[in-house]
Structure formats: structure tokens, C-alpha cells
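**Student:** I have a structure here, written as C-alpha cells, and I will follow up with some questions on it.
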Amino acid sequence: MNATPSLFEDPVVDAVSAPADADAVIGKSVTRLEDRVLVRGEGLFAADVNFPRQLHMRVVRSQVPHGLLLGVDMEAARQLPGVVAVWSGADVAEIPPIPFRATKVQGLEPYCQPILAQGYVRYVGEPVAVVFAHDAYVAEDAAALVQPDIEVLPPLMDAREPTREFAPGLSTEPTVIRKGYGDVDAAFATAWATVELDLAVGRHSGVPLECRGAVARYDASRGVLEMHGAAKKSHWNRDEMAKMLGLPPSTMHLYEGHVGGGFGVRGELYPEDVLVCLAAMRLRRPIKWVEDRRENLLATNHSREQYHRIAAAIDADGRILGIRNRFFHSQGAYVRTHGPRVADMSAGLLLGPYRVPAYDVAAHYRLTNKTPAATYRAPGRYETTFVRERLMDAIAVRAGIDPQEARRRNLIDKSEMPYTRPLDALGVDVVLDSGDYAGLLDKTLARADWPRLRQDIARRREQGERVGLGLAMFVEKSGLGPSDTVRLTVDRSGALELVTGAGSVGQGMETALAQICAHELGVDYQSVRVIRGRTDQIEFGNGAHASRVTVMSGSATQIAARKVRDKALDVASKMLGVAAEALHIRGGVVRPRGDAVAPGVSLAQVASYLHPSQKTSDGYAPGLSAEGWFYSEHMNYPYGIHIAQVRLDEGTGIVHVEKYWVSYDVGRAVNPKMIEGQIVGGLAQGLGGALFEQFTYDASGQPLSTTFADYLMITAHEMPPVDVLITEDAPSPLNPLGLKGAGEGGTNAAGAAIAAAVDDALGRPGAIDRLPVLPEDVIRHLAAPRA
């Protein structure tokens, strides 16, 4: 299954001149540019945006998980002073349901969500009506007066139950995603042994500090509809909302301010976004909506909930011959903007760093009467790393070998890279571009001083402590294409402006792009002003998702910076009478190489030389600016390892995470400190899903986790000391800088490592078969008789 080399021989960048002399900005942990305004309290979040004459929108949500919507009595609400309008589904029936980003899976359109319930309600929290009033308090009071008339139907809460009718002629299982290769039946028929597990990952999600919000206004004088509070996928959201509202995309502008955490859930296209825009056009008033925390936990995308039955066929040495994987993905009530992507990635990316000769997977994508689900940091990988690494531990037990040895015997070797699996994920062929998995395992064990750790664990156990160690390996994916673009301009003052369609959700993208630009152009990174999150400033953009910004937007930035640099050197050559090849740029000044005191010209002077008002343009295109486009047909695959050390409290069942190690190969680190921050932050979310966070429902379909008293977020108190090892052993061959994404590695293997560590502390291999690992689970295992 080695890759076809030609996949990686295609040119991936525009033809540009050689790189600038390095100012060594890439690789330095410089201070983040984004934080200046935030630490001064000058950030602009959605709730901070206000316009004169604005109205406030309040959403009336279903309190019933499943039912026939017979009518909505809105009269009392309309009579309340200060109320301007009240709408039910009948008032917006002409607006099409919210679409999803296309994949190869067909037939999902009938399952998309309307902006207000039409005929049925399908989860507690579904928008049934909206109220518009002069202030937010009146809107909330009026919303309480709206009376939906609902005939309650039995809810479907478990994706493993038999399917039912979603609507006439439509099943609650819209599709089964099947993938595979090799002769799995033969692998199992000839196996020395088989190992089979039933595993579950609970329902949890990203819970940003900032709840969702949107402010829309329609400027009739310009014929422009604006929406403030966008994030993540501004251009896609603009295009799809314009289509839903019957507008040309060029007449709709989305604005992304500061974002209090994205994590996959913030910035998707939700019913509330469309409703504020529609109301701004109809009512000719700015419309503001900001959700409260209960709404956030009820209505923002959930994620993760999957149930796997997985089996491996192995030989006597513990080497994998084949894997069968059947799982149920609990999508919730509707298909939202991600479509079946989480289930698709779970099917296509489960195999991680291991060599698997035959594979067969069936992903049952099922609707239930829960909040709709979509992506959350490391979607499909958090779930499947837990499943795969549990399987590897079980294989080790069955073969009678150490868990690390079981992994080593099945790892893909670096000599096999690039490594093609006959699979796809997100519509892209899975080709592992580079990696030295065994090498990273060696480095990680050395970093953690594994023999000493085991000795310490053994000593503490002799003293009666319940302590354990767990290790998990993973492969991430990043750099999703197919394209990205930026526009770079140097103005007559010498200031640099980089315009990008990428999104900033707190990950440090402005700093990373400024560093790449400065590195190529020979300027101070702090002189680069990054403009992002404005669809009126750049026609195309792919936002911030799938750990793609540094790879895709960063590569486009490199290309644009090189074009500007080459033009500046050429013009300066004429101005100075020195060959361009003998010049370089340092500190924003072009001068001869190796002569720091020789006369030079600044980039400001070059920009003035090229200004269209000057007669010196000399045949050059006006302005010192350039666009950079970067294309990539394949994703790239960073990889890493988590190690957890835990102690069990035998009285309470609480799992204390004493220390944690994460190693991660990112190909090339633009800003190591920012990557470390991403990893530690991501780990907090991974540990939350492993030990604390879970959306639960009662048997009637009522959600039980609608406040922070019930939905337990991890806090700083529970976070362990974390040792992060960032390596650059396997640069990606898919982009000139060798970059791979770093946003999701801290989350990916947390559940798997914690499960293995708790197993070890219990002394019961395979005891942990679901996440989160709750205190009652630990108590139950401690009380169970040993086999």
C-alpha cells in the first residue's frame, strides 16, 4: 500500500522566485499580535456590537423532544407593549432549510433543519417561534407568552435502537457509510486469534466562553445586508445565507469580530443567524440576538456520541491481519452544516499509525431526538483513537505482549512514507504524507523517563495507592484544501496589510501569518497588519477549521510575500543601480547584501515609486502588492503520543490526573509557544470529555445537562502539569514550508490515554469501555471481583 509517488511530485505552489534571506522569524515564539486589544479590554465580541434603532430577538424553543406541531398561539405576545413582531414557522415557510457542506454521501437534503419548526418538533431546544422587541427583557417576557400546541410523540433517544420513520417515506437512518479494502473474511478465517470490543463515547461538545450571537442590519441606501458576529466559515455562510434569502452574495457582508472560542461549534450556520438577517430585511431595523448559557447547551451543536463494535484478526505475534468496525453515530434531530463528516472521518481515519492489511467499516448515521450534532475539536479522531487504542491494548493482552510492543509491531515504518490507504475521508484520498511513528515513540518514552515512571508506580502500589500509566498513539489530519488565497499590500508609508479569508477563533492565526510574511519579506512581523473575517474585503475564503489555516493560508502568504519581495528587489535594483541578485531586505530596507551601511531604499519608497500617480512605474503594474494562491489536493497528517499518569480515589471513585505528556510532530513549527498553548488547551477539552463532560437525557427525552451545575466542565483545578514535546522530524512534502496543523493534537488521544491509565490503576486490562470515565464506573470496577 505504498503511495504512488506522483501524488507528491505534482507542483503545489505557483512559480515564484527563490525564498528571501531568512530573518528567522519562523520558529520563534514571538508574542501574539492578537492579544494587545484583548488585554486592554478593547476586544469587540458579538454582544458588544450595537446599532441605533436595533431590535432584540428572543427564540421560543420546543420543550418537547418529539411531537406534531399543531399550531402556535402568539397573540398574547403580540399584545405586549414593546413587541414589534412575532413569527412562527408559517411566517418563514418560504425560506429553505439550512444546507450542509457537500460530501459524497447523497440523499440527506430532506433531513436538514428549517429555521423555525415546520410541522414537527424534533428536540428540546428547537426554535418554534421568535419575538422581536425594543429591548431584550421585553422580548424574553413576550417569548414566555407564546404557546406552541404540540401533540407529543415517542422520542427516539438511542441510535442503536431499531430505526423509525423520520417523515413519511424517510427512515431515521439516512445512510450507512461503507468503506474498506482487502479480504477481511480471509483475514478472520486464517487468524491465530480474534479480539472483539464494544465501546462507547459519550455526547459532549465545545462550550466556548462566549455564547453565540449575531447582529444584522440592512442598509437600503446601498442595498447591502450585514451580519456581525460571524466566525469560522464566513464566506460559506455568506454564500448559503444569500441563497436562502434570494440575494446576490456580493450584496451580503459578514463581519467576524473577536471570538471567545471556536472549537468547531462556533461559527457554523444556525437558524438564529438566518432569522436575524431575514428580520433585518423585513423590519428594516437592526436585529440583535445573543443566546444565554442554557440556550447554548441546548441548541449549539453537540458532538462525539458513537457506539462501536470493533474486531481485529491477529497472528500469534500480535500483528493485525484485518479489522471490522461497525458503529452507530447519533446525529441528533437534523442534518446540520457538517452533513455526515464526523461519521465519514470516523470510518476513514480510524486506523491511525498502524499497518492494517484488510479493513471493513459500516457507519450507521442515525437521527435521534437530541440536539443536532456536528464537529468538535478532533472530530471523528477523538472517538476513533479511543476505539483503536483500546483495541491495541486488547491485542497486547491476547498476544501476551507489552502494549508498547503491540504497537511497535504494527506501526507503519518511516521508509514506507508516503503511505496510501485505499480509503478516503472528507472526499480526499487518505495518503499519510510523512511520519516517523516509531521514532516519536522512542523520543516520548525517553522524555517521560518511562522506566523510572514504572518503577515509581510499582513502589506506590506496594504502599497501597491505586496509580496507573496509559499511553496512546494517534495520527491527526490537517491542511484540508483545495485552495486558499491572501492579498498583501505595502502602502506608501511602508505599512503592510495582509488580507485573508481565514478566520480567527483565538488560535493565533494573525501572528502565524504575520511571522510567515515577515520571514519571507525581511520585515518586523509586528509591522504586518492582518485583516481577516470580512467578506467585503476579500472575495474568497475558507475560514478556520480542520487545522488548515497555517498550512493553507500560511502557504498562500508565503507565495504573496515572495512575489512582493521580488518586485521590490527589482524596482530597488533600478533605484540603486545594483543588480537585484545582490540585494536583500532587512528591517524593511532594501540594500546590498553584506553591507549594512550602504545606501538603501525602504519598502515605502518602493511603494511610492510604484504608485499609479507617479511617472516612474516604468511598465510595472501599479502598487507594491500581490495575491498568493495555494492549492493542495491532499491533507497532511501530523502525529503524536499522549501519556497519562492517574491516581484513583478508592473512596469517591474520582480519577486524579497527576501528570501528562504530549508529544506532537508538526513538520515545522512557526511559533512553538503558540503550538504548546494549543496543545494544552486542547488537552483540557480532551480530559473534559474523558472524565467530566456529558450531555445526558432522561427516558422521556428531556435534557439533564442545561447548566454548568450539571454539565461539568474541567477547570484549572483538575488540570495536571503537562509536558509538551514538539518535534519537526517529518515535514510535509505537500507545502514548501513543510507545515502541518497543530490545533487538535492536544485533544485527540486524551480519552484513549486516560482509559489505559485507569485500566492500569485498576489492574484490569480492558475494564474501561466507555467515555467519560465517571466516579461510579471506577467504584463499580473497584468493587468487582477479580477474574
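**Student:** Looking at the chain, do any whole DSSP H helices span at least 20 angstrom along their long axis by alpha carbon and average 0.5 or above on Kyte-Doolittle, and which?
**Tutor:** Span-like helices here: 672-691.
**Student:** Okay, moving on. For the ranges 698-704, 507-513, 650-656, what's the packing order if you count other beta-carbon atoms within 10 Å of each residue, average per peptide, and put the highest first?
**Tutor:** Top of the packing list down: 507-513, 650-656, 698-704.
**Student:** Using a 1.4 angstrom probe on the protein heavy atoms only, line up 708, 45, 188, 386 by accessible area, largest first.
**Tutor:** Largest to smallest exposure gives the sequence 708, 45, 188, 386.
**Student:** Okay, next question. Multiply the residue separation of residue 73 and residue 408 by 0.36 nm, subtract the distance between their alpha-carbon atoms, and state the gained length in nm to one decimal.
**Tutor:** 114.1 nm
**Student:** At residue 658 and residue 698, where each label point lies 7 Å from the Cα along Cα→Cβ, what is the point-to-point distance in nanometres?
**Tutor:** The modelled label-to-label distance comes out at 4.1 nm.
**Student:** If you don't mind, another one. With a probe of 1.4 Å, find how much accessible area the chain has per residue, and write the answer as a whole number in Å².
**Tutor:** 36 Å²
**Student:** Which value at 222 nm does the chain reach when only helices count, each DSSP H run of 4 or more adding -39,500 (n - 2.57), with the total divided by all residues and rounded to the nearest 500 deg cm²/dmol?
**Tutor:** -8000 deg cm²/dmol
**Student:** Go through 88, 613 and list them by solvent-accessible area, largest first, probe radius 1.4 Å.
**Tutor:** So the residues, ranked largest to smallest area, are 613, 88.
**Student:** Grab the other residues whose beta carbon is less than 9 angstrom from that of residue 381, score K and R as +1, D and E as -1, and report the net.
**Tutor:** Here the charged neighbours net out to -2.
**Student:** Now for a different question. With all protein chains present, how much of the accessible area of the stretch 143-270 (probe radius 1.4 Å) comes from carbon and sulfur, to the nearest whole percent?
**Tutor:** With neighbouring chains kept in place, the figure for the stretch 143-270 is 52 percent.
**Student:** How high is the FRET efficiency from residue 63 to residue 614, r the C-beta distance, R0 56 Å, rounded to 0.05?
**Tutor:** Rounded to the nearest 0.05, the efficiency is 0.25.
**Student:** Report the full-extension gain for the segment residue 194 to residue 151: residue separation times 0.36 nm, less the Cα-Cα distance, to one decimal in nm.
**Tutor:** 10.6 nm
**Student:** Another one. 7 Å from Cα along Cα→Cβ at both residue 101 and residue 713: what's the point-to-point distance in nm?
**Tutor:** In this crude label model, residue 101 to residue 713 measures out at 2.5 nm.
**Student:** Using a 1.4 Å probe over the heavy atoms of the protein chains, calculate the carbon and sulfur portion of the accessible area of the stretch 48-112 as a whole percent.
**Tutor:** Carbon and sulfur: 56 percent of the exposed surface of the stretch 48-112.
**Student:** At a 10 angstrom cut-off on C-beta neighbours, averaged per residue, how do the peptides 236-248, 73-85, 536-548, 156-168 rank from highest to lowest?
**Tutor:** The peptides rank, most packed first, as 536-548, 236-248, 73-85, 156-168.
**Student:** Could you give the length gained on full extension between residue 776 and residue 282, defined as 0.36 nm per residue of separation minus the Cα-Cα distance, in nm?
**Tutor:** Gain on extension, residue 776 to residue 282, equals 172.5 nm.
**Student:** With all protein chains present and a 1.4 Å probe, how do 284, 388 order by accessible area, largest first?
**Tutor:** 284, 388
**Student:** OK, next. Enter the accessible area of residue 559 (Å², nearest 10), with the probe set to 1.4 Å and all protein chains included.
**Tutor:** Residue 559 exposes around 0 Å² with every protein chain in place.
**Student:** Label point 7 Å out from residue 221 along Cα-to-Cβ: which residues of the stretch 253-283 have amide N under 20 Å?
**Tutor:** 253-254, 280-283
**Student:** Report the calculated FRET efficiency for residue 581 and residue 680 (r = Cβ-Cβ distance, R0 = 41 Å), to the nearest 0.05.
**Tutor:** 0.35
**Student:** According to the square roots a ≥ b ≥ c of the eigenvalues of the Cα gyration tensor, what is the shape class of the stretch 38-177, taking rounded for a/c under 1.5, prolate for a/b larger than b/c otherwise, and oblate for the remainder?
**Tutor:** Cα axes put the stretch 38-177 in the oblate bin.
The values are calculated or read from the model by the stated rules, or taken from the named source; none is laboratory data. Note that the structure is a prediction, hence the values are computed from the model and not measured. Neighbour counts run over all protein chains shown; Cβ positions are idealised from the backbone, glycine included. What goes into the accessible areas is simple: the full protein's heavy atoms, side chains included, and nothing from ligands, DNA or RNA. Shrake-Rupley method; radii C 1.70, N 1.55, O 1.52, S 1.80 Å.
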